[in-house]
Amino acid sequence: MIYQLPVLIVVQLLLGSFLMPIVGRIRNQLIPHISLFLMGLANVFSIILLFRVVREGNIHYHLGNWAPPWGIEIVADLLGAYMAVIITGISFLVLVFAWRDIQREINYALRGWFYTLVLLISGAMVGMVLTNDLFNLYVMVEIVSLCGPALVAIRNNRLAVEAGFKYLVMIALGSGPILFGIALIYMITGHLNMTFAGQEVLNVIHEYPRVALLAQAFFIVGFGVKAALFPLHVWLPDAYTSAPSPSSALLAGLAAKVYIVGLTRVLFNLYGIDVLATTPLFTILKVMAVAGIIMGSIMALNQKDIKRLVAYSSVAQIGYIFLGLSLATGFSVTGAILHILNHALIKSMMFLCCGVIIYQKKTSNVDELGGVGKEFPITMICFGIGAFAMVGIPMLNGFISKWYISLGALEYGGLAGLMYLLVIIISSLLNGLYYLPVLIKAFLGGDSQKETVFDKAPITLILPIVILAAGIIILGLLPFVPLQIAADAAQHLLGQ
Amino acid sequence: MVQGVETHSHLPGLVVLIPIIFTALVGIFQKRSFLLRNWLFISGAAITFAGMALMGYYVLQGRILVINYLVAMFPFTITFRVDTLSFLIGVVAAGVWLLASIYCLQYMKDDHAPNRYFPVHIFTLAGSLGVFLAGNLYTFFLFYEVMAFSGYLFVIHAETPEAFKAGSRYLMVTILSGILVFTGVIITYQLAGTLDLGSLGIIPEANVVSLIAFVAFIIGFGFKAGLFPLHTWLPAAHPVAPSPASALLSGILIKTGAYGIIRVTYNVYGIEMMRDTGWPTILLIFAAITTLYGSMAALVQDNLKRRLAYSSISQIGYILMGGALLTERGLAGDVFHIVSHATIKSTLFLTAGAIITKTGIKYVSQMAGVGRKMPYTMGAFTLAALAMIGIPPLNGFVSKWALALGALDAGQPGYAVVLLISSMLNALYYLPIVILAYFRKPEEGTVLYGDMLRYDEARASMLVPILILALSLVIFNILPVNLPLVLAEFSARALFQH
Amino acid sequence: MAEALAALGQNYFFYYALILFMVGFYTTLSHSNILKKIIGINIMETSIFLFFVALGYVEGGQAPIMGRGAEGGPYMNPLPSALILTGIVVSVSITAFALALMVKLYHFYGTLDADEIVMLRGERQ
């Protein structure tokens, strides 16, 4: 069974998700138990997979025993296996969180569908980071894309449905270009396996330079919309704000990141750094990333809704990741991949914190949060840890990725490098400016005579947050494992 | 003493860890009983001080204590490195902290939210010592941020609108300072490939990039230290903070900025590059302006603590000047003045706090007659004021003498003149307080309670720390060997060695 | 010129798909009616299916089915067609989901005009 691991994780999650409605027919109460069990199992499998990859190197798995280039190939490399651990781990924590939270946020009758969607989206995300086949990637992207709006619209109120529809239209607009890009690549190479197609692209790039360029543009637009690359992020604030908090945590923490991993894989595996450097791709990405960093931070500044604030900060953080990728130096790509891993933890935790706040206070307006730090200190301390990680205070994992992206900017060299460093620094400052008032209000606002009490929220709400916060600190203090993985992936992507 | 045999020792790590452990202990047990909390609180500071003092045993033998944690995480290695400079400032910081802790037991008795203040007070000690004992820039930056953010809770302690206003300004400055130092650190790493503070000069060459890093460091640390025109948070923060916190803010926390500038100038860039490029001249000019501006602004302040805060700004000017003169004697004066100003300003703020809690007086103009009411407290204040003006044999004189010699060594007698003018201004704004307190009768209705009782001193637990601090202003300078001065001179020599 | 024209003639399906793609894209973005947006998405996806299937087309080729004469002679590439079946499924699901949300939107806002919905949404907030 151990040899089937890469595919087993995906298959059991997908099958499990289709099982949920049937389970719901039989015994509705069993749904959370079974989905938690499946997700936990998937997480254990992912960890075993990661250990195997660390020990034995990349694992190639041929679906149905059809060898590539004909069959679908699944490749578990370090990055993919680690992402799988993160995806299943965070999804597990989100499910734990949803245990008590979700029936407050959505109609009880829809609860079963929420679990179906979570299993489906995590299965597809794991599939996306592990697959080495372009069309398979497209299918997984589509599953994630369809689950996203569904997870938003499941709230079933006017705001959520509108946000979900907007999200769906934008994401459908992104799917077309991705499929077109894949078709173009297939047209010029005749392969769908990324490794083979990548080798072939190098041979035919001189024959069809424009087709290759067009495909590249399609990929950027397609994945860019889905990952909310500025200025294609318009769907993001509404969607993350009106979704139930566990959904926001999944979408912001994982889905957006997985698309970026997908885009990175496609671009770097197909074209290789040398070809990419000859096209204006990196310049465009850099401009968009810088604009995203600055605009996302500025827009977050005057948000009154705490979830919307965290959502806009996502736009800026995605800008960071794209900046790191597009600088295309060893350090910056390391930093970008590290930030994908780190930001997944931070953003999921912050949305879960928002969930606890809304669970207890029934409001998400920042102005009404005076003194909540005294009512639920654990939650707000974790929120603070996340905020400080975003600002880039050492000892927290956000600092490590910021460090590497900044170092990459300097490595990029010249005046431009310093300018990018300046952008990163200004954005850290802005991060501080929009997060710290929330924290100050939470801990020092409100009734000053009020005694501090411990969080009254159920343990299933607090525990996932605390675990994620501990992860942020541990990975900030001992960044060895993710750093190694990111450096390895960067080396591989840059072909050094 | 002989220079630098490196010795591995966990002592520095322990000294930084102990306050953190005691923060947790105080936080856990403070609801059980006040007595237990007080004991934990004091013993945390005392054990830390003892640990710091124990390091003196090694440092006086000429050894340098070095310890690396998380070596595999390079460059995110936690390194502590205690040379003479670190030891001197660290031991003074721990000592002042211990006295301020004893003091604040009584001071905080009637204040609100002690449950927040006590853990923060002891936690900030960990941050400050971490900064002073740091052996690489990453460790330095880490504890710098820890210290800066926990200092925020000092500033807003009163939770009044003014406190929050001062707090936001402090927070803004903290973030700005943090990211500027980050910029400097990361450029340093890019240029040097290391963040180690153990050698003299790690930046390989002087160019635009290293100039940018230097400027970022100076502005970043300048914010913290209160360098003109970045000082605006300082006079706002001090009056609203509780007095023991003001004493620590002014005595220790702003010194981290000055200490950072010394480390950057001498350990990161190295004396030769600084001499060749002449970059510290910018710092020198601004330091001189700071000195004069702080003194002049202090003249017109009526709020006692605000006057003391402006005086701190002018003293920071001295300190930064000493480092920027790039002479050995100037640097010795600089280091010694960090030490002496830490003790003098803590004395002043603690006495101010004693006066405020005892009489409710906040303004200089109301202070008539306080000297007769609280003779010991006011006596300590007078002694510290005289030290600040620079009357021998007080330590303020010794440091100013050394600084002036440094200025002459550097061939910049102008800065000696600046020192002289500023000392005169010091006299102008400190002596009236003393005269007012001793020789004027209070106007009707200004003294709030205990009207003209001959002895109405502060409680012993507040008075004793003040008197110990006041004694320390004299005692070291009349001993045959002025130990702090010897250590300061030695650490200056170490930074000039090749 | 002639060469370019010949290339154009040979690859006409390429350009045709691209034009159709743009039509769909433009429809989705420019129309405020939600139903038209959904139709636009469908046009866009259809253009890609057309393009993909056309890739596998071989002039005079047979369907690649055993025993139907495909042995020996030229046959069409079956892979694009197979893939497009999946693509159509995806497209259908998107359409179905979008239509369902459209019904919900009409239920909540009483209109299918995206601009009006945005306005109504703003009013309530």
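The values are calculated or read from the model by the stated rules, or taken from the named source; none is laboratory data. Being a predicted model, the structure only gives us computed values, none of them experimental. Note: ideal-geometry Cβ built from the backbone for every residue, glycine included; neighbour counts use all protein chains shown. Ligands, DNA and RNA are excluded from the accessible area calculation, which covers all protein heavy atoms including side chains. Shrake-Rupley method; radii C 1.70, N 1.55, O 1.52, S 1.80 Å.
Taking every residue in A:167-178, how many Cβ atoms of other protein chains lie within 10 Å of its Cβ, on average?
Working: counts 1, 9, 11, 1, 1, 14, 8, 0, 8, 12, 4, 1.
Per-residue shielding by partner chains comes out at 6.
Using the alpha-carbon atoms, what tilt in degrees (0 to 90, nearest 10) does helix B:413-439 show relative to the longest principal axis of chain B?
Approximately 20 degrees, to the nearest ten.
Given a 1.4 Å probe and heavy atoms of the protein chains only, how would you sort B:Arg372, A:Arg25, A:Arg104, largest accessible area at the top? Let's see the in-between values first.
Working: B:Arg372 85, A:Arg25 210, A:Arg104 130 Å².
The residues order as A:Arg25, A:Arg104, B:Arg372, largest area first.
Please sort B:476-489, C:39-52, A:218-231 by packing, taking for each peptide the average over its residues of neighbouring beta carbons within 10 angstrom, highest first.
Working: B:476-489: 16.4, C:39-52: 21.6, A:218-231: 23.6.
Listed from highest to lowest mean packing, they are A:218-231, C:39-52, B:476-489.
Leaving out ligands, DNA and RNA, calculate the buried accessible area for the pair B and A with a 1.4 Å probe, summed over both sides, in Å² to the nearest 100.
Chains B and A together bury approximately 2900 Å².
Can you work out ³J(HN,Hα) from phi for every residue in region C:31-47, in order, using Karplus 6.51 cos²θ - 1.76 cosθ + 1.60 and θ = phi - 60°, giving whole Hz and x for Gly and Pro?
Listing the rounded values in order: 7, 8, 6, 4, 4, 5, 4, 5, 4, x, 4, 5, 4, 4, 5, 4, 4 Hz.
Using the beta-carbon distance between B:Val300 and B:Asn68 and R0 = 45 Å, what value does 1/(1 + (r/R0)^6) give for FRET efficiency, to the nearest 0.05?
Working: r = 50 Å, r/R0 = 1.12.
Computed FRET efficiency for B:Val300 and B:Asn68 comes out at 0.35.
Could you order the peptides A:39-46, A:353-360 from most to least packed, using the average number of other C-beta atoms within 10 Å per residue?
Working: A:39-46: 21.8, A:353-360: 23.8.
Peptide ranking by packing, descending: A:353-360, A:39-46.
Give the peptides A:430-439, C:55-64, B:413-422 in descending order of average Cβ contacts within 10 Å, highest first. Don't jump to the answer; show the numbers that get you there.
Numbers: A:430-439: 21.2, C:55-64: 13.6, B:413-422: 17.6.
Highest mean packing first, the order is A:430-439, B:413-422, C:55-64.
Test of the criteria: in region C:17-110, which trypsin sites (Lys or Arg not before Pro) are in a DSSP loop and have at most 14 other Cβ atoms within 10 angstrom of their Cβ? It would help to have the intermediate numbers written out before the result.
Working: sites: C:Lys36, C:Lys37, C:Arg68, C:Lys104; in loops: C:Arg68.
When the trypsin sites (Lys or Arg not before Pro) of region C:17-110 are filtered for loop state and at most 14 Cβ neighbours within 10 Å, C:Arg68 remain.
What are the ³J(HN,Hα) couplings of region A:301-310, residue after residue, when phi is run through the Karplus curve with 6.51, -1.76, 1.60 and θ = phi - 60°? Round to Hz, x for glycine and proline.
Each residue of region A:301-310 in turn: 4, 10, 9, 9, 8, 5, 6, 5, 4, 5 Hz.
Could you check how much of the accessible area of chain A is carbon and sulfur, as a whole percent, using a 1.4 Å probe?
67
Under a point spin-label approximation (7 Å from Cα along Cα-to-Cβ), what is the B:Val481-B:Thr194 distance to one decimal in nm?
Result: 3.2 nm between the two label points.
Need one value for C:76-82: mean number of C-beta atoms belonging to other chains within 10 Å of its residues' C-beta atoms. Kindly include the intermediate steps, with their values, before the conclusion.
Values: counts 0, 2, 0, 5, 4, 0, 1.
Per-residue shielding by partner chains comes out at 2.
With a cut-off of 8 Å between alpha carbons and a minimum separation of six or more residues, what is the relative contact order of chain B in percent?
Details: 913 pairs, mean separation 73.0, N = 498.
Relative contact order comes out at 15 percent.
Can you show me the helix-derived [θ] at 222 nm for the protein assembly as shown, built from DSSP H runs with n ≥ 4 at -39,500 (n - 2.57) apiece and divided by the number of residues, rounded to the nearest 500.
Working: 45 runs with 838 residues, N = 1119.
My calculation for the protein assembly as shown gives -25500 deg cm²/dmol from helical runs alone.
Got the relative contact order for region A:280-496 handy, in percent, Cα pairs under 8 Å and 6 or more residues apart? Display every interim value, and only then the final one.
Details: 346 pairs, mean separation 62.9, N = 217.
So the answer I get is 29 percent.
Starting from the residue with the highest accessible area, list B:Glu159, B:Glu145, A:Glu200 in decreasing order, probe 1.4 Å. Intermediate values should be presented prior to the final figure.
Numbers: B:Glu159 35, B:Glu145 10, A:Glu200 55 Å².
Most to least solvent-accessible, the answer reads A:Glu200, B:Glu159, B:Glu145.
What spacing in nm lies between the two simple spin-label points modelled at B:Asn207 and B:Thr232, each 7 Å away from Cα in the Cβ direction?
Inter-label distance under the simple model: 3.6 nm.
So how strong a dipole does region A:280-496 carry about its Cα centre when Lys and Arg Cβ are +1 and Asp and Glu Cβ are -1, to the nearest 20 debye? Before the final figure, lay out each step's value.
Values: 12 positive and 9 negative charges, 59 e Å.
Roughly 280 debye, rounded to the nearest 20.
Mind checking the full-extension length gain between B:Glu162 and B:Ala50? Use 0.36 nm per residue of separation minus the Cα-Cα distance, one decimal, nm.
Details: separation 112, 0.36 × 112 = 40.32 nm, distance 3.75 nm.
Once the chain is fully extended between B:Glu162 and B:Ala50, it gains 36.6 nm.
Mind giving me the FRET efficiency for A:Trp66 and A:Gln199? R0 is 22 Å, r the Cβ-Cβ distance, nearest 0.05 is fine.
Working: r = 19 Å, r/R0 = 0.86.
FRET efficiency, A:Trp66 to A:Gln199: 0.70.
Partner chain Cβ atoms within 10 Å, averaged over the residues of A:410-423 - can you pull that number for me? Intermediate results must be reported in sequence, preceding the final value.
Values: counts 8, 1, 0, 2, 1, 2, 0, 2, 5, 0, 0, 7, 2, 0.
The shielding value for this peptide is 2.
Could you pull out which residues in region B:369-409 have an amide N less than 14 Å from a spot 7 Å beyond the Cα of B:Met424, following the Cα-Cβ vector?
From region B:369-409, the list is empty.
If you put +1 on each Lys and Arg Cβ and -1 on each Asp and Glu Cβ, how big is the dipole of chain A around its Cα centre, in Debye rounded to 20? Numbers along the way, then the final one.
Values: 26 positive and 21 negative charges, 222 e Å.
The calculated dipole for chain A is roughly 1060 debye.
So how compact is region C:2-124: Cα radius of gyration and Dmax in angstrom?
In order Rg, Dmax, the Cα atoms of region C:2-124 give 20.2, 69 Å.
If each Cα of region A:280-496 is one equal point scatterer, what is log10 of I(q)/I(0) from the Debye formula at q = 0.11, 0.14, 0.16 Å⁻¹?
Summing over Cα pairs of region A:280-496 leads to -0.53, -0.81, -1.00.
I need the calculated FRET efficiency for the pair B:Ile21 and B:Tyr57, taking r as the beta carbon distance and R₀ as 25 Å, to the nearest 0.05. Don't skip to the end; give the middle numbers.
Working: r = 23 Å, r/R0 = 0.91.
So the FRET efficiency works out to roughly 0.65.
How much length would be gained if the chain were fully extended between B:His8 and B:Leu292, taking 0.36 nm per residue of separation minus their Cα-Cα distance, in nm to one decimal?
Values: separation 284, 0.36 × 284 = 102.24 nm, distance 4.41 nm.
Gain on stretching B:His8 to B:Leu292: 97.8 nm.
How much area per residue is accessible in the protein assembly as shown when the probe is 1.4 Å and only protein heavy atoms are counted (Å²)? Write down the numbers at each step before the final one.
Working: 39720 Å² over 1119 residues.
Roughly 35 Å² per residue, with all protein chains present.
With a 1.4 Å probe and all protein chains kept in place, how much accessible area does A:Arg158 have, in Å² rounded to the nearest 10?
50
Report the extension gain between B:Lys441 and B:Tyr363 in nm, rounded to one decimal, defined as 0.36 nm multiplied by the number of residues separating them, less their alpha carbon distance.
Numbers: separation 78, 0.36 × 78 = 28.08 nm, distance 1.56 nm.
Extra length from B:Lys441 to B:Tyr363 when fully extended: 26.5 nm.
For the pair A:His206/A:Asn302, report the inter-label distance in nm, with labels modelled 7 Å from Cα in the Cβ direction.
5.6
Cα-Cα pairs above 27 Å in region A:78-223: how many percent? Intermediate results must be reported in sequence, preceding the final value.
Numbers: 3704 of 10585 pairs.
Tail of the P(r) past 27 Å holds 35 percent of the pairs.
Once each part is reduced to its C-alpha centroid, what is the distance from region A:306-377 to region B:463-498 in angstrom?
Region A:306-377 and region B:463-498 have Cα centres separated by 49 Å.
Would you mind checking which residues have amide H under 5 Å from B:Leu65's amide H? H placed 1.01 Å from N; only 5 or more apart, or other chain.
Here B:Thr7, B:Val82 satisfy the definition.
Quick one, what does Rg over Rh come out to for the protein assembly as shown if you take C-alpha atoms and the Kirkwood Rh?
Details: Rg = 33.5 Å, Rh = 32.0 Å.
My calculation puts Rg/Rh at 1.05.
On the principal axes of its Cα set, how long, how wide and how thick is region B:2-52? Give whole Å, largest value first.
Result, largest extent first: 49, 15, 8 Å.
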